[in-house]
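Data block below; observations after.
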Amino acid sequence: MLARPRLRRRHTVLTIALLCTLTPLVGCTDSGGSAPASPSPSPTSATAVQEARIVIKNFRFEPANLTVAPGTKVSVVNEDSSPHTVTAEAADSFDTSTIEGGRTATFTAPPTAGTYRYLCDIHPSMRGTLTVR
Ligand SMILES: [Cu+2]
């Protein structure tokens, strides 16, 4: 009684094996020339572009303490509806001037290493620190 089902199963396995050997000839040609050619769009990859970002949200700088390399371009995203600034306490270090609500501004970090405190000119209680090193 057990011999028959076994035989049948073996037969089925054989058939499946046969089908499998045949399928590459029929359909499985998915290795065509559709390889995702991705020319990485990094124009200045050799110069290691330094970029940083400060987000202003709910009258706070985030992060309030940011460390960047000298001369880094820092974007300031104002997610509040009120205008803000990122203004260094030390005169002439950096200043975005007024960034309207929803706008983004950019400033360049000082070329000299150090710790630069800054505030919002409009809301002087908003404070942050930019460390350059
Ligand atoms: Cu402000």
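The values are calculated or read from the model by the stated rules, or taken from the named source; none is laboratory data. Just so we're clear, the structure is a prediction, and the values are computed from it rather than from any experiment. Using ideal geometry, Cβ is built from the backbone for each residue, glycine included, and neighbour counts are taken over all protein chains shown.
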| query | If you check Pro63 against the conditions, is it more than 12 Å from the ligand (Cβ to nearest atom) and either farther than 12 Å from Thr131 by Cβ or of a type outside the set (S, T, N, Q) (or both)? | reply | yes
| said: Residues that are more than 16 Å from the ligand (Cβ to nearest atom) and charged (D, E, K, R): does the stretch 66-73 have at least one? | reply: yes
| Restricted to the stretch 102-133, and to residues that are in a loop (DSSP other than H, G, I, E, B) and either more than 10 Å from the ligand (Cβ to nearest atom) or modelled with pLDDT under 95 (or both), which residue is farthest from Gly71 (Cα to Cα)? | Gly102
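Okay, residues lined up against (1) of a type outside the set (A, V, I, L, M); (2) surrounded by 15 or more Cβ atoms within 10 Å (Cβ to Cβ); (3) under 14 Å from Lys57 (Cβ atoms):
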{"residue": "Val76", "(1), (2), (3)": "no, yes, yes"}
{"residue": "Ala91", "(1), (2), (3)": "no, no, no"}
{"residue": "Phe107", "(1), (2), (3)": "yes, yes, no"}
{"residue": "Asp121", "(1), (2), (3)": "yes, yes, no"}
{"residue": "Ser125", "(1), (2), (3)": "yes, no, no"}
{"residue": "Arg133", "(1), (2), (3)": "yes, no, no"}
| field | All positions within the stretch 90-101 that are modelled with pLDDT of 95 or more and of a type in the set (Asp, Glu) | value | Asp95, Glu100
| request: Just name the residue that is nearest to Arg53 (Cα to Cα) out of those in the stretch 75-101 that are within 10 Å of the ligand (Cβ to nearest atom) and in a strand (DSSP E or B). | output: Asn78
